[in-house]
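Participant: Pasting a structure below so you can have a look.
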Amino acid sequence: RGAGHGVKALIAELLGGLIAKQLGLPVPELVFVELDEAFGQTEGDEEIQDLLKFSQGLNLGLHYLSGAITYDVATNDCEALLASKIVWLDSFITNVDRTFRNTNLLIWHKDLWLIDHGASFYFHHAWDNWEKTSETPFLLIKDHALLPKATRLDEAHQFCIEKLNDDVLRQIVAAIPDEFLHWEEGPSNDEIRATYFH
């Protein structure tokens, strides 16, 4: 939470991961992590020490995929329906960060895994414009690393909208901890959750 985008990146990571999980997509386990004020005091790098200091309190952690390697679009395969579901997901959550330059995909035990959804839901960095942003086509999807392999988008769309009904989305949004919602901008916790739901 002490990094540049603070709790909003944690919210994006949480929502993106929970939505991906609901769609049956492979994401590392997400857990809430409480960082004590003593954590990181022995860190030698001052910049990292500051980051840890400003991250005291509730944070979000992901299971570390030991031995995982970066997915390479040129050499690793991805089945068309899986690629289509991932492209659909990233369009739905407006994930700007799964490009050829940085796929944010890993190969672990020969399977594909999705990581790093912290750049998703980028509308929340300009909160006052969320309604306009929600109606704007997500043009950056054209840069998605898996788009050339995503040849079953209609099938993926049908699958995903069946899995993500309003009740499911409300439960996912309700998982955002209050500690992540005390923003300087002023909206109440319920207003923030309602906006993410919309």
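Participant: Checking the table Lys21/Lys149; Lys53/Lys85; Lys85/Lys142; Lys21/Lys132; Lys53/Lys110; Lys8/Lys85 against a 26 Å threshold on Cα-Cα, which pairs fail?
Facilitator: Violating the 26 Å Cα-Cα cut-off are Lys53/Lys85; Lys21/Lys132; Lys53/Lys110.
Participant: Still on this structure: Can you tell me the length gained on complete extension of the stretch Val168 to Asp190, counting 0.36 nm per residue apart and subtracting the Cα distance?
Facilitator: 6.2 nm
Participant: Shifting gears a bit: Once R0 is set to 22 Å, what does the formula 1/(1 + (r/R0)^6) return for the Cβ-Cβ distance between Glu131 and His5, expressed as a FRET efficiency to the nearest 0.05?
Facilitator: Result of the calculation: an efficiency of 0.55.
Participant: Compute, for Lys132, the solvent-accessible surface of its heavy atoms (probe 1.4 Å) with the complete set of protein chains present, and express it in square angstrom to the nearest 10.
Facilitator: Its accessible surface works out to 150 Å², give or take rounding.
Participant: Between His63 and Gln158, what is the FRET efficiency for a Förster distance of 35 Å, r being their Cβ-Cβ separation, to the nearest 0.05?
Facilitator: Working: r = 30 Å, r/R0 = 0.86.
Efficiency at R0 = 35 Å is approximately 0.70.
Participant: Using a 1.4 Å probe on the protein heavy atoms only, what accessible surface does Asp190 show? Give it in Å² to the nearest 10.
Facilitator: Ignoring ligands and nucleic acids, Asp190 comes out at about 120 Å².
Participant: Averaged over all directions, how much area does the convex hull of the C-alpha atoms of region 1-85 cover when projected, in nm²? Walk me through the numbers before you get to the answer.
Facilitator: Details: hull surface 30.0 nm².
Mean orientational projected area (region 1-85, Cα hull): 7.5 nm².
Participant: With viscosity set to 1.567 mPa s at 4 °C, what whole-number translational diffusion coefficient in µm²/s follows for region 113-161 from Stokes-Einstein and a Kirkwood radius over Cα pairs?
Facilitator: Values: Rh = 13.2 Å.
Estimated diffusion coefficient is 98 µm²/s.
Participant: Please list Phe197, Phe92 from largest to smallest accessible area, probe radius 1.4 Å, with all protein chains kept in place.
Facilitator: The ranking, largest first, comes out as Phe92, Phe197.
Participant: Where the accessible area of region 46-109 is counted over protein heavy atoms with a 1.4 Å probe, how much of it, in %, is carbon and sulfur? The partial results should precede the final answer.
Facilitator: Details: 1900 of 3510 Å².
Carbon and sulfur: 54 percent of the exposed surface of region 46-109.
Participant: At what distance in angstrom do the alpha carbon centres of region 118-167 and region 9-42 lie from each other?
Facilitator: That distance is 20 Å.
Participant: Another question, then. Under a Cβ-Cβ cut-off of 15 Å, what is the net charge of the residues other than Leu60 that fall near it, where Lys and Arg count +1 and Asp and Glu count -1?
Facilitator: -3
Participant: Something else now. Return a whole-number percent for the relative contact order of region 1-86, with Cα pairs under 8 Å and 6 or more residues apart as the contact set.
Facilitator: For region 1-86, the relative contact order is 34 percent.
Participant: Quick one: which residues, 5 or more positions from Thr99 or on another chain, have an amide H under 5 Å from its amide H? H modelled 1.01 Å from N in the peptide plane, none for Pro or chain starts.
Facilitator: Ala145
Participant: What residues of region 41-66 lie in the reach of a label at Val31, counting those whose backbone N is under 16 Å from a point 7 Å from the Cα along Cα→Cβ?
Facilitator: The answer is 58-66, whose backbone nitrogens lie closer than 16 Å to the label point.
Participant: In the chain, once you exclude exposed GluC sites (Glu not before Pro) (DSSP loop, at most 13 other Cβ within 10 angstrom), what's the longest stretch remaining?
Facilitator: Result, exposed sites excluded: 80-134.
Participant: If DNA, RNA and ligands are ignored and the probe is 1.4 Å, what is the ranking of Thr42, Thr99 by accessible area, most exposed first?
Facilitator: In descending accessible area the options line up as Thr42, Thr99.
Participant: Then there is this: Over the chain, with the other protein chains present, what is the accessible area per residue in square angstrom, probe 1.4 angstrom?
Facilitator: With the other protein chains kept in place, the chain gives 58 Å² per residue.
Participant: So who's got an amide H within less than 5 Å of the one on Arg152, skipping anything under 5 residues away but keeping other chains? H placed 1.01 Å off N, in plane.
Facilitator: Ser84
Participant: Say each of Asp111 and Leu81 gets a label point 7 Å from the Cα, pointing the same way as Cα to Cβ; how far apart are those two points in nm?
Facilitator: 1.6
Participant: For the chain, calculate the relative contact order in percent as a whole number, restricting contacts to Cα pairs under 8 Å that are 6 or more residues apart.
Facilitator: RCO, the chain: 27 percent.
The values are calculated or read from the model by the stated rules, or taken from the named source; none is laboratory data. Owing to the predicted nature of the structure, the values given are computational and were not obtained by experimental measurement. Note: ideal-geometry Cβ built from the backbone for every residue, glycine included; neighbour counts use all protein chains shown. Heads up: the accessible areas ignore ligands, DNA and RNA and are worked out on the full protein's heavy atoms, side chains in. Shrake-Rupley method; radii C 1.70, N 1.55, O 1.52, S 1.80 Å.
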